[in-house]
Each structure stands twice: as structure tokens, then as C-alpha cells.
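K.L.:
I have a structure here, written as C-alpha cells, and I will follow up with some questions on it.
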Amino acid sequence: MFCESESSEMLHDISTFSMDKSVKDMTVEMCDSKLLVKLSWGVDLVATEGKYHLTCSTKFRNSYHSFQRAQYNSSSLFNSTQAKAQVFAEFILTIETYIEQATNVFKL
Ligand SMILES: [Zn+2]
């Protein structure tokens, strides 16, 4: 189900509901459109006798893990950019307050 190849590698059945669920979850999370098309939602893979090659399943899981890492990296990058912006905004505010006060002092 992860590939179209007619390789001679042994096919394994998707025999557990937890595997069915994890494949669906990973597919949705990665927005893997090719697999999304293959999986008709509401139909479980155990009942429809989904089959897979062990190497293809491993490849799929690996790509999911690198997807997760990429997600994590981009979100932490976003957070640090946000933190910098926050610090900068506070810095500007401090200067503005200082200028205001200085102007008041100058007026007196
Ligand atoms: Zn395969």
C-alpha cells in the first residue's frame, strides 16, 4: 500500500487495528496525498486487507520521523524569531518612554 511496485518482496498484512490507526494518523499529519487517496476513510485497513512491504513501511515511518523533526525545527525557529521580536518591541517601548520623559524634563 506504500508503493506501486510489484517487487518480489514478501507482502505483510495490516493485521492490527493499532497499525491501521497509526498509518492513517501519519498519513493525515504528513498530508501524504498519494496515500490519502488510497485510504478511503471510514474503511479500516485490517478489514480491507491492506498489504505492505516491510521496507516500504520502514521508509514511510522514516519519512514521518523526518517530517516530525522538520516540524519541530521550524516551530522552534518561529518561537525564537517571535522571542526576538518581543524583546525588540520592549526595547523600542523603553526608548519611547525614555524620550517622552526626557521631553517632559526638557519642557520643565
Ligand atoms: Zn512496497
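K.L.:
Under a straight-distance cross-link criterion of Cα-Cα below 22 Å, which lysines are reachable from K21, leaving out those fewer than 8 residues away in the same chain?
P.N.:
Reachable lysines: K34, K38, K51, K59.
K.L.:
Please list, ordered by chain and number, the residues whose modelled amide H lies under 5 Å from the amide H of H12; skip anything fewer than 5 residues away on the same chain.
P.N.:
Y52, H53, L54
K.L.:
Which order do the peptides 49-58, 62-71 come out in when sorted by mean C-beta neighbours inside 10 angstrom, highest first? Display every interim value, and only then the final one.
P.N.:
On the way: 49-58: 15.3, 62-71: 12.4.
For the peptides 49-58, 62-71, the packing ranking is 49-58, 62-71.
K.L.:
Another question about this same structure. Quote the charge dipole size of the chain about the Cα centre in Debye, to the nearest 20; the model charges only the Cβ of Lys and Arg (+1) and of Asp and Glu (-1).
P.N.:
My answer is approximately 260 debye.
K.L.:
Can you give me the angle between helix 54-107 and the longest principal axis of the chain, using Cα atoms only, in degrees from 0 to 90, rounded to the nearest 10?
P.N.:
Approximately 10 degrees, to the nearest ten.
K.L.:
Divide by every residue of the chain the summed helix terms, -39500 (n - 2.57) for each DSSP H run of at least 4, and state the resulting mean residue ellipticity at 222 nm, rounded to the nearest 500 deg cm²/dmol.
P.N.:
When only DSSP H runs of four or more count, the value is -24000 deg cm²/dmol.
K.L.:
Order of 7-15, 82-90 by packing, highest average Cβ count within 10 Å first?
P.N.:
Details: 7-15: 12.0, 82-90: 10.0.
Packing order, densest peptide first, comes out as 7-15, 82-90.
K.L.:
Once the piece of chain linking S80 and T97 is laid out straight, how much longer is it, given 0.36 nm per residue of separation minus the C-alpha distance between them?
P.N.:
Values: separation 17, 0.36 × 17 = 6.12 nm, distance 2.56 nm.
Taking S80 through T97 to full extension adds about 3.6 nm, to one decimal.
K.L.:
How many times 2.2 N^0.38 Å is the alpha carbon radius of gyration of the chain?
P.N.:
Here the answer is 2.03, to two decimals.
K.L.:
Moving to a separate point now. Could you please rank V28, V37, V46, V23, placing first whichever residue has the fewest other Cβ atoms within 10 Å of its Cβ?
P.N.:
Values: V28 13, V37 8, V46 16, V23 23.
Ordered from fewest to most neighbouring Cβ atoms within 10 Å, V28, V37, V46, V23 come out as V37, V28, V46, V23.
K.L.:
Which residue, H53, C31, S7, has the largest displacement toward the positive end of the dipole of the chain when charges sit on each Cβ (Lys, Arg +1; Asp, Glu -1)?
P.N.:
It is C31.
A short reminder: the numbers here are calculations on the coordinates, not readings from a lab. Values in this document were obtained by computation on a predicted structure and should not be read as measured data. Here the Cβ is made from the backbone with ideal geometry for all residues, glycine too, and neighbour counts use every protein chain on show.
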